[in-house]
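Chemist: Handing you a structure now.
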Amino acid sequence: MQAIKLWQELQTEWGCGIVYIRGGSYRLAFNAESQMEMSARIEQEQAAGLDVAWLGPAETRDHLPFIREDVSILGSSYCASDGTANPLLTMRHLARLAAECGVRIKTQEAVVSLKIKEDLIKSVVTTKAEYQSKTVINTAGPWAASLLEPFGLHLPIQKKLSKILITESVPPLFQGFVSFDNGYLRQAADGNFHLGIKSTPAITDEKSVSLEDFNLISCYLVPLFPFLAELNIMRAFSGITGWTPDSLPVIDKAPGLENLYVAAGYSAHGFCLGPLVGKLLAQWIVEGKKPLDLEPLAWERFTSD
Ligand SMILES: Cc1cc2nc3c(=O)[nH]c(=O)nc-3n(C[C@H](O)[C@H](O)[C@H](O)COP(=O)(O)OP(=O)(O)OC[C@H]3O[C@@H](n4cnc5c(N)ncnc54)[C@H](O)[C@@H]3O)c2cc1C
């Protein structure tokens, strides 16, 4: 909920044209197991104050009339405050805001090792230089764990591959994000539909999207949303995400290293959570006290039996 508030601030107070739209999100239940799992989650989320509700079959169809008529649907979990934003514009705006605060962003320069003395990181060695630093934050996403392995630190992050197809642009149909057990779709502000399926384990860092992927994604989505059969696919993209065993990120200091922070393992929710995590981490580093919000994301949950 704090992340949602921050996205609103980014859009309005910071003047970022990030196309943040609160169109709500729907998670469809096609079987009793999904329905039960969603009901339990709704209870938890409502208790935490989230604006989420269960919609029955008729109400779900009222909201989403484009679901194929003869598909039997049990209902959906609906969160009105969920939203989407344009990631490319967001990154550009955040980089601009950071630069205004004096941050220098270096690209095409990989970190190859960290130099440690006693319980402190002394410097970061890259392919181009060596940087001394009082504080280091490892935000290398799915690759964060490999930078820590040389010190015997095991961060349990599994790499997964997500692929998305993008259709031609069509007039607005709806603003929300719709997902189900095997996939999801949303219509971007410029009219293109983004179509995806559940991510799969990534054995390598290879990210190409094949004709087979096109067929697979279409096979999951077109039978549920028949209007998609009429749309041309214009392009596709893919990316590697880092997953922890409980699908929550690790936002913590690395065990035994006083000045090394880690923020990784967002389990495909890092775009939403990233700005808030950045804010909380900055608060922790500047004030020297861990914000309470970060306690459940401690590394320790994977080290203690
Ligand atoms: C197709 C797709 C759809 C998604 N949809 C959503 C969504 O709807 N909502 C949501 O919240 N999230 C979504 N995500 C997930 C989101 O993109 C990630 O959770 C988020 O990008 C994680 O941010 P990060 O900075 O931790 O890692 P990353 O974005 O992976 O960034 C890590 C960076 O570290 C760099 N790096 C790695 N190793 C080194 C090194 N040795 N030296 C220097 N740099 C290094 C990498 O090149 C990379 O730039 C999606 C992801 C994909 C792929």
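Chemist: Setting aside same-chain residues fewer than 8 positions from residue 289, which lysines have a Cα under 27 Å from its Cα?
Modeler: 5, 115, 117, 122, 134, 253, 279
Chemist: Could you list 105, 42, 157 so that the one with the fewest beta carbons within 10 Å of its beta carbon is first and the one with the most is last?
Modeler: Numbers: 105 7, 42 18, 157 27.
Ascending Cβ contact count within 10 Å gives the list 105, 42, 157.
Chemist: Explain nothing, just the number: relative contact order of the chain, from Cα pairs under 8 Å at least 6 residues apart, as a whole percent.
Modeler: 18
Chemist: Using the Cα atoms of the stretch 1-83, I'd like the radius of gyration and the largest Cα-Cα distance, Dmax, both in angstrom.
Modeler: 15.1, 46
Chemist: Considering only DSSP states other than H, G, I, E and B, which trypsin sites (Lys or Arg not before Pro) in the stretch 55-162 qualify as loop sites with at most 13 other Cβ atoms within 10 Å?
Modeler: Passing both the DSSP loop test and the Cβ count: 68, 104, 106, 128, 134.
Chemist: Taking K and R as +1 and D and E as -1, what net charge do the other residues with C-beta under 14 Å from the C-beta of residue 225 add up to?
Modeler: Result for the local shell: 0.
Chemist: Bin width 5 Å, origin at 0, all Cα-Cα pairs of the stretch 235-285: what percent of pairs per bin?
Modeler: 5, 18, 24, 23, 16, 8, 3, 2, 1, 0
Chemist: Now a separate question. With each label point set 7 Å from Cα along the Cα-Cβ vector, what nm distance links residue 105 and residue 248?
Modeler: With each label placed 7 Å out from Cα toward Cβ, I get 2.9 nm.
Chemist: Right, something else. Just to verify a number: FRET efficiency for residue 166 and residue 47, C-beta to C-beta distance, R0 = 45 Å, to 0.05?
Modeler: 0.75
Chemist: Take the alpha carbon atoms of the stretch 53-125, find their radius of gyration, then divide it by 2.2 N^0.38 Å using N residues; give the quotient. It would help to have the intermediate numbers written out before the result.
Modeler: Values: Rg = 24.1 Å, N = 73, 2.2 N^0.38 = 11.2 Å.
Against the compact-globule rule of thumb, the ratio is 2.14.
Chemist: Testing the spin-label approximation: label points 7 Å from Cα along Cα→Cβ at residue 205 and residue 268. State their distance in nm.
Modeler: Computed distance between label sites residue 205 and residue 268 equals 2.2 nm.
Chemist: If you take the Cα Rg of the stretch 108-199 and divide it by 2.2 N^0.38 Å, with N the number of residues, what do you get?
Modeler: Working: Rg = 20.5 Å, N = 92, 2.2 N^0.38 = 12.3 Å.
For the stretch 108-199, the normalised Cα radius of gyration comes out at 1.67.
Chemist: Please tell me the relative contact order of the stretch 194-274 in percent, rounded to the nearest whole number, where contacts are Cα pairs under 8 Å and at least six residues apart.
Modeler: Across the stretch 194-274, relative contact order equals 23 percent.
Chemist: Same structure, new question: With springs only between Cα atoms under 10 Å, which of 143, 284, 243 fluctuates most in a Gaussian network model of the chain?
Modeler: Maximum fluctuation in the GNM of the chain, among the listed residues, is at 284.
Chemist: Which trypsin sites (Lys or Arg not before Pro) in the stretch 245-294 pass both tests, a DSSP loop state and at most 15 other beta-carbon atoms within 10 Å?
Modeler: Within the stretch 245-294, the qualifying trypsin sites (Lys or Arg not before Pro) (loop, at most 15 other Cβ atoms within 10 Å) are 289.
Chemist: Related question: How many nm is it between the label spots at residue 237 and residue 63, if each spot is 7 Å from the Cα in line with the beta carbon?
Modeler: Taking the two extended label points, one gets 2.7 nm.
Chemist: How about the stretch 168-224: which GluC sites (Glu not before Pro) there are in a DSSP loop, with at most 15 other Cβ atoms within 10 Å of their Cβ?
Modeler: In loop regions of the stretch 168-224 (DSSP not H, G, I, E or B), the sparsely surrounded GluC sites (Glu not before Pro) are 206.
Chemist: Could you quote the convex hull projected area for the stretch 180-272, Cα atoms only and averaged over all directions, in nm²?
Modeler: 8.4
Chemist: Using the reciprocal of the averaged 1/r over all distinct C-alpha pairs, how large is the Kirkwood radius of the chain in Å?
Modeler: With all distinct Cα pairs of the chain included, I get 21.4 Å.
Bear in mind these aren't lab numbers, they're just calculated from the coordinates by the rules spelled out. Remember, it's a predicted structure, so these values are computed and weren't measured experimentally. With ideal geometry, Cβ positions are generated from the backbone for all residues, glycine too; neighbour counts draw on all protein chains shown.
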